[in-house]
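Take a look at the structure set out below.
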Amino acid sequence: MPATDPADERCSIARSLDVLGQKWSLLIVREAFRGHTRFAEFRTELGVAPDVLTDRLGRLVDAGVLERRPYREAGEREREEYVLTDVGRALRPVLAAITEWGDHHRPSGHGPASVYTSRDTGRPVHLAFLDDAGNRVDAADVVSVRGPGARATDSAGA
């Protein structure tokens, strides 16, 4: 899906938000990571209106985040489920970053609703900036500079 504004086509954030910028889109991806794949499961877990859910699922499929796969329960008609693709699975650190930001800057007072942990050890994991040598760099020491895709008139942004 192309960015909605031609001026945004060079901006990675604008292109990403074109796919993921609606609330229900990221919540659907979150539920897919939790193992939900069926329309009714998304509906139950999220409480989203069916027309909105249909639209968001379609957009995520069109963007390659989810793929439709047919399934059939015994005695039922064939239906489709929605499964994360490699593109969708690559969103895990994005969800973790939003979760970490929300827990720190918009706490609920009930503690984290999700904790990201190592599958092997069960220990909590955290996102970090790493340099090319694998050394951790404090976020305060990270700056955004123009990349090769920026126009000369673009600001550095995020």
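The values are calculated or read from the model by the stated rules, or taken from the named source; none is laboratory data. On a predicted model such as this, the values are computed, not experimentally measured, just so you know. Ideal geometry is used to build each Cβ from the backbone, glycine not excepted, and the neighbour counts take in all protein chains shown.
Which of the residues that make up the stretch 137-149 are closer than 18 Å to Pro93 by Cα and surrounded by 10 or more Cβ atoms within 10 Å (Cβ to Cβ)?
Within the stretch 137-149, just Val137 meets the criteria.
Given the structure, is Gly64 surrounded by 10 or more Cβ atoms within 10 Å (Cβ to Cβ) and at positive phi?
Criteria met by Gly64.
Which one of Glu41, Glu67, Glu81 is part of a helix (DSSP H, G or I) and within 29 Å of Val125 (Cβ to Cβ)?
Answer to the selection: Glu41.
Can you name every residue in the stretch 114-127 that is assigned to a loop (DSSP other than H, G, I, E, B) and either charged (D, E, K, R) or surrounded by 10 or more Cβ atoms within 10 Å (Cβ to Cβ) (or both)?
Hits for the stretch 114-127 are Ser114, Val115, Tyr116, Arg119, Asp120, Arg123, Val125, Leu127.
Which condition number does Trp101 fail, the rest of (1) modelled with pLDDT of 95 or more; (2) surrounded by fewer than 15 Cβ atoms within 10 Å (Cβ to Cβ) being met?
So the condition that Trp101 fails would be (1).
Before we move on, is Leu46 under 30 Å from Gly149 (Cα atoms) and surrounded by 16 or more Cβ atoms within 10 Å (Cβ to Cβ)?
Against the criterion (under 30 Å from Gly149 (Cα atoms) and surrounded by 16 or more Cβ atoms within 10 Å (Cβ to Cβ)), Leu46 does not qualify.
Report whether or not Arg79 is more than 18 Å from the chain's Cα centre (by Cα), closer than 30 Å to Arg146 by Cβ and in contact (Cβ under 8 Å) with a residue 24 or more places away in the chain.
no
Table: residues versus (1) among the acidic types (Asp, Glu); (2) within 14 Å of Ile28 (Cβ to Cβ).
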| residue | (1), (2) |
| --- | --- |
| Glu73 | yes, no |
| Arg77 | no, no |
| Val83 | no, yes |
| Pro112 | no, no |
| Arg123 | no, no |
| Phe129 | no, no |
